[in-house]
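In what follows, a single structure is set out as structure tokens and then discussed.
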Amino acid sequence: MASLKEKIGYALGDAAAGGITWKIMSIAFPLFFTNVFGLTVADTATLMLIARMFDVVTDPLMGSLADRTQSRWGTYRPWLIFGAVPLGLIFALLLYTPDFGPVGKRIYAYTLYLLMMAVYTAVNVPYGSLLGVMTDNDNEKNQFSSFRMVGAYAMGFITLLSFPYLQKMVGGSEAHQYAVLGAGFGILAAVMTLACGFLTKERLKPVRAEKFSFRPFADLFKNKPWIYLTLIGICTNFFNGFRYAVAGYLLEYCLHGDVTVSGLIINYTVFMTFGEVTCMIFGGVSPKFTEWIGSKKKAFMAAAVICIVFSVVFFFVPMDPDYIWVLVAIVILTSIGVGLYSPLLWSMYADVADYATEKNGTSSTGLIFSSGTMAQKFGTAISGSLVALFLGLAGFVSGTDPATGETVVTISDMEAVRNMVWALFSLFPAAIVLIMMFLIYKYPIKK
């Protein structure tokens with residue numbers, strides 16, 4: 001029986017990865033790169049696209065490598081212990097804006113972003129795989145998965161809510177603010193990742209293959225549950241990715257900047273914070289909800305219905321700061337669905353890993369869970385790339401002035417940009433959920 005301390009330790013891993021590094025990368029990076037760092041919209045879209053193609057290769061390889069790791073710390077934990085400091089350091093450097101021209105900034109951004117994706121993979125794939133070796137009890141898997149999601153959303157809530165106030169406290173230019181906050185959050189992420197590595201235990205030993213082989217990779221594509229779950233995972237991250245990537249533009253251009261209500265500064269991070277705390281609460285409720293509704297598959301479908309209904313409702317609310325609390329309410333209601341299905345996804349990956357071990361005779365837990373991390377990064381970054389692309393098509397132009405080195409933003413058609421932003425936050429995610437519901441219906445494991 002796993003202790004409460006261990007469950008909290010496991011939660012710290014996703015508090016660092018999901019609640020700090022990935023949350024800031026998802027919500028702040030598109031706006032940061034175009035409006036602060038000084039990349040063009042095309043460069044921002046291309047950067048995220050290239051990084052995803054890179055991950056398509058590195059994530060499965062990392063999963064296979066992690067499965068074959070043997071050390072005094074176990075199979076998966078050493079990757080967290082020794083990857084914690086590089087994760088925090090590279091994240092901090094990525095939020096620093098160097099005093100370079102357009103070409104120098106492009107090289108710096110591409111190099112650091114790709115390094116960040118590589119080290120994130122080296123830490124997060126083994127972290128996800130831990131769930132498959134900490135317990136063989138299905139109920140405990142759901143509990144660990146629930147703690148993980150609560151940790152990620154609780155830290156995401158703290159990160160996003162504090163962001164504008166910390167920026168104000170730091171002062172100076174926006175570039176300076178992001179650099180200082182990057183360093184602070186990078187240190188915190190490194191400490192939390194280390195704590196996760198030392199507080200968790202590996203109770204089950206993977207059934208290892210005798211030697212490295214490409215057979216596990218081939219077996220994946222014969223694994224029908226894995227195919228459906230990977231596509232579902234990509235859809236969930238497309239859904240979140242569109243909303244987080246466009247939130248900064250929504251506050252800036254649709255609601256005319258930060259909205260202050262009774263002393264509360266509602267900027268784009270705080271706006272999404274309301275969803276984070278809702279996800280945290282309903283992530284904790286998810287195991288009981290799943291038990292009540294009868295199966296993970298049915299619970300996932302119900303959560304998806306919530307997401308699609310309120311995403312469509314959002315589109316019909318006027319673009320007016322006077323409606324800020326209506327918009328916040330819809331974000332909260334949409335996030336009930338996200339909070340309910342998020343823990344289920346990782347618990348279902350554990351089911352798929354068990355199915356693969358039973359079918360093939362050897363463990364491919366790391367490889368299976370790497371597809372979850374790949375889906376997370378693929379869905380989030382491709383959606384971020386598409387947001388930049390669609391904004392560019394609507395008339396949003398950004399870049400660095402070669403003479404002064406300053407960031408320049410121009411908009412040729414403000415109405416088109418505002419309508420595009422609104423649709424990217426509502427209708428585009430709703431369409432993704434429709435696809436996701438079909439995939440959930442076809443998913444063959446009925447636990």
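Only four residue types carry charge here, +1 at the Cβ of Lys and Arg and -1 at the Cβ of Asp and Glu. Report the dipole size of the chain about the Cα centre in Debye, rounded to the nearest 20.
1640 debye
Sorted largest first by accessible area at a 1.4 angstrom probe radius, with every protein chain in place, the residues Glu291, Glu415 fall in the order Glu291, Glu415.
For the chain, the average shadow cast by the Cα convex hull is 20.0 nm², which is a quarter of the hull's surface. Checked against a 29 Å cut-off, the cross-linked pairs Lys201/Lys447; Lys7/Lys222; Lys7/Lys168; Lys141/Lys222; Lys23/Lys205; Lys168/Lys201 give Cα-Cα distances beyond that limit for Lys7/Lys222; Lys7/Lys168; Lys23/Lys205; Lys168/Lys201.
Ranked by the mean number of other Cβ atoms within 10 Å per residue, highest first, peptides 127-134, 303-310 order as 127-134, 303-310. Computing FRET efficiency as 1/(1 + (r/R0)^6) for Glu291 and Lys224, where r is the C-beta to C-beta distance and R0 is 35 Å, gives about 0.85.
Placing pseudo-labels 7 Å out from each Cα toward the beta carbon at Leu264 and Leu166 gives an inter-label distance of 2.0 nm.
Each stretch of four or more DSSP H residues adds -39500 (n - 2.57); spread over every residue of the chain, this sum gives -25500 deg cm²/dmol at 222 nm. A protection proxy built from the mean count of other Cβ atoms within 10 Å ranks the segments 94-106, 58-70, most packed first, as 58-70, 94-106. Residues Phe32, Phe438, ordered by accessible area of protein heavy atoms at a 1.4 angstrom probe radius and largest first, appear as Phe438, Phe32. Could you work out the relative contact order of the chain? I mean the mean sequence separation of Cα pairs under 8 Å and 6+ apart, divided by the number of residues, in percent. Over the chain, the number comes to 30 percent.
In the context of the full set of protein chains, the stretch 381-447 has a per residue accessible area of 46 Å² (1.4 Å probe). Between Val305 and Trp325, the distance separating the two model label sites (each 7 Å from Cα on the Cα→Cβ line) works out to 3.0 nm. When Arg148, Arg72, Arg77 are compared by accessible area at a 1.4 angstrom probe, the order from most to least is Arg72, Arg77, Arg148. Going toward the positive end of the dipole of the stretch 232-322, with +1 on Lys and Arg Cβ and -1 on Asp and Glu Cβ, which of Ile265, Ala302, Phe315 do you reach last? Toward the positive end, the furthest listed residue is Ala302.
At 4 °C and 1.567 mPa s, grab the translational diffusion coefficient of the stretch 247-322 from Stokes-Einstein with a Kirkwood Rh over Cα pairs, rounded to a whole number in µm² per second.
Estimated diffusion coefficient is 88 µm²/s.
The values are calculated or read from the model by the stated rules, or taken from the named source; none is laboratory data. Just so it is clear, the structure is predicted and the values come from calculations on it, not from any experiment. We place every Cβ from the backbone using ideal geometry, glycine too, and count neighbours over all the protein chains shown. We work out accessible area using only protein heavy atoms, side chains counted, and drop any ligands, DNA or RNA first. Shrake-Rupley method; radii C 1.70, N 1.55, O 1.52, S 1.80 Å.
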